[in-house]
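A.B. asks: Take a look at the following structure, please.
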Amino acid sequence: MKLNYRQTTFIGLAFLSICAFWQMYDNIIPLILKDTFGLGETLTGVIMAADNILALFLLPFFGSLSDRIDTRIGKRMPFILAGTGLSFFFLMLLPVADKSSNLILFIAALFCVLLSMGLYRSPAVALMPDLTPKPLRSKANAVINLMGAVGGVYALIMIRFLVGSGQSPDYMPLFLSIGLLMLLSVAVLYFTVSENKEREKMTAEEEEEEAGPASTAELPREVKRSLIFILLSVSLWYIAYNAVTTAFSRYATHVWGMESGGYANCLMVATVVAIISYIPIGAISSRVGRKKTILIGVVMLAFCYLCASFYNSFHFTMNIFFAIIGFAWAAISVNSLPMVVEIAAYGDVGKYTGYYYTFSMAAQVITPILSGFLLEHVSYRTLFPYALVFSVLAFLTMMMVKHGDSRPEMKKSVLENFDVED
């Protein structure tokens, strides 16, 4: 049984469009809220947390709803097409509202964009396992993640070259480039992948796998303690990392005086280095274990945040620190969920995977508000010390984890190193 790489690449176009949108969203929306509408950092943080709050409800709802329907074009495709079309329409209203300084239109359009993205995010992610036999899903997920990374890099490149300089940059070219990419990606997906036909073909060819009954035994006390500490660690390093990724565009603009989307270079360095780090991280994890690899990553993050705290203006060496951040975050993200799953071998894997995403998403709800409050009422210079503190706390809680560690086997192929659940 071999993976259909062509089909999987086309399926990954939906995830590419999603990642391109969120990369642009995290970088540009806070700038507009701050510079165009003059909102304080705390209120900006609340608005930026809205997508994660909505995701807690929308993702499971539309994911479950797409499980239960069946149309001529498939279960997932109606949500993907409708969600992308609506997202494009409301996305185009955002630069219009920005240009006219219409806050009511901007907030209304932003809310509708988030609802539209929530409409198809889960169905788009579910399309890959729908159309891929179980033994091949690891390789397929690697392809999907690479496509998502391409979308993120595309958005950063567009930010770098399409965001104008001056006090009131015109964001329409940027938003249009992202919107057209979304439409083009999903159009190619629709015309190249017949969901119902491929599902029937996959079901007919898929080998039946024996699966033992899920264990419902109560976790031993010491194992439960490790689970609690690793989940706390997940929240803490997400609180640190997400604060930087969400506020960095504002920080670079207002503290370092960077213009014309120049801050995107740093984020692009981090993203590219993270992508190429998966293979060496896989080798490191197989030698020293997942826990030590995560701890190495957390120490690297803390070191970079500490160094960045002392920069009063942008210097080329910051790209080196962001390269280290990219490697460090990859080291953490590659190994954290597998550690939770390793612990869940004692119980219900699905339930504990849900715990992982609940703690990571809750952190991304909290940190834009908390860090935004500090940015507004204390100083922008609190951003990197804030990230440093929570990284140190994550290191301390991770040290308390005594279960779930393992030395994963080396991947059978280079591609499988990109199979990251994050």
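The values are calculated or read from the model by the stated rules, or taken from the named source; none is laboratory data. Only a predicted model underlies this, so the values are computations on that prediction, with no experimental measurement involved. Heads up, the Cβs are rebuilt from the backbone with ideal geometry, glycines too, and the neighbour counts pull from every protein chain shown.
A.B. asks: Does T397 qualify as being surrounded by fewer than 23 Cβ atoms within 10 Å (Cβ to Cβ), at pLDDT below 80, among the β-branched types (V, I, T) and part of a helix (DSSP H, G or I)? Talk me through it step by step, then tell me what you get.
C.D. replies: On the way: surrounded by fewer than 23 Cβ atoms within 10 Å (Cβ to Cβ): yes; at pLDDT below 80: no; among the β-branched types (V, I, T): yes; part of a helix (DSSP H, G or I): yes.
Answer is no for this residue.
A.B. asks: Among the listed residues S226, S215, which satisfies the condition of being crowded, with 17+ Cβ neighbours inside 10 Å and either modelled with pLDDT under 90 or assigned by TED's automatic domain parsing to the domain that holds P385 (or both)?
C.D. replies: On inspection, the qualifying residue turns out to be S226.
A.B. asks: If you don't mind, there's one more thing I want to ask. Does segment 291-308 contain at least one residue that is modelled with pLDDT of 80 or more and of a type in the set (F, W, Y)?
C.D. replies: Within segment 291-308, one or more residues are modelled with pLDDT of 80 or more and of a type in the set (F, W, Y).
A.B. asks: Just a yes or no: is a residue in segment 100-107 in contact with a Cys (Cβ under 6 Å, 6 or more places away or on another chain), assigned to a helix (DSSP H, G or I), assigned by TED's automatic domain parsing to the domain that holds F57 and modelled with pLDDT of 85 or more?
C.D. replies: No: segment 100-107 contains no residue that is in contact with a Cys (Cβ under 6 Å, 6 or more places away or on another chain), assigned to a helix (DSSP H, G or I), assigned by TED's automatic domain parsing to the domain that holds F57 and modelled with pLDDT of 85 or more.
A.B. asks: Tell me, yes or no, whether segment 296-315 has at least one residue that is in contact with a Gly (Cβ under 8 Å, 6 or more places away or on another chain), within 27 Å of N52 (Cα to Cα), assigned by TED's automatic domain parsing to the domain that holds W237 and assigned to a helix (DSSP H, G or I). Even if it seems obvious, please write down each step before you answer.
C.D. replies: The first filter runs over segment 296-315 and keeps only residues in contact with a Gly (Cβ under 8 Å, 6 or more places away or on another chain), leaving 313-314.
If we keep only those that are within 27 Å of N52 (Cα to Cα) as well, we get none.
There is no residue in segment 296-315 that is in contact with a Gly (Cβ under 8 Å, 6 or more places away or on another chain), within 27 Å of N52 (Cα to Cα), assigned by TED's automatic domain parsing to the domain that holds W237 and assigned to a helix (DSSP H, G or I).
A.B. asks: When the residues of segment 97-117 are filtered to those that are farther than 23 Å from C19 by Cα and surrounded by 15 or more Cβ atoms within 10 Å (Cβ to Cβ), which remaining residue is farthest from the chain's Cα centre (by Cα)?
C.D. replies: The qualifying residue farthest from the chain's Cα centre (by Cα) is N102.
A.B. asks: Filtering segment 61-84 down to residues that are buried (at least 24 other Cβ atoms within 10 Å of the Cβ) and hydroxyl-bearing (S, T, Y), which residue is nearest to A14 (Cα to Cα)?
C.D. replies: Once the filter is applied, the top-ranked residue is T84.
A.B. asks: Now, a different point. Here are some residues: K34, K75. Which one is under 28 Å from P173 (Cβ atoms) and touching a residue at least 60 places away in the same chain (Cβ under 8 Å)?
C.D. replies: K34
A.B. asks: Pull up segment 145-188, narrow it to residues that are of a type in the set (S, T, N, Q) and within 22 Å of T253 (Cβ to Cβ), then point me to the one that is surrounded by the most Cβ atoms within 10 Å (Cβ to Cβ).
C.D. replies: Applying the filter and picking the extreme gives S177.
Residue-by-condition table, conditions (1) at pLDDT below 85; (2) in the same structural domain as L146 (by TED's automatic domain parsing); (3) under 16 Å from Y238 (Cβ atoms); (4) among the hydrophobic types (A, V, I, L, M, F, W, C):
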{"position": "Y263", "(1), (2), (3), (4)": "yes, no, no, no"}
{"position": "S286", "(1), (2), (3), (4)": "yes, no, no, no"}
{"position": "N319", "(1), (2), (3), (4)": "no, no, no, no"}
{"position": "I324", "(1), (2), (3), (4)": "no, no, no, yes"}
{"position": "W329", "(1), (2), (3), (4)": "no, no, yes, yes"}
{"position": "P338", "(1), (2), (3), (4)": "yes, no, no, no"}
{"position": "A344", "(1), (2), (3), (4)": "yes, no, no, yes"}
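A.B. asks: Can you tell me which of (1) modelled with pLDDT under 90; (2) buried (at least 24 other Cβ atoms within 10 Å of the Cβ); (3) touching a Ser or Thr at 6+ places or on another chain (Cβ under 6 Å); (4) small (G, A, S) is the one S87 doesn't meet?
C.D. replies: (1)
A.B. asks: Scan segment 16-36 and tell me whether some residue there is in a helix (DSSP H, G or I) and of a type in the set (G, A, S).
C.D. replies: yes
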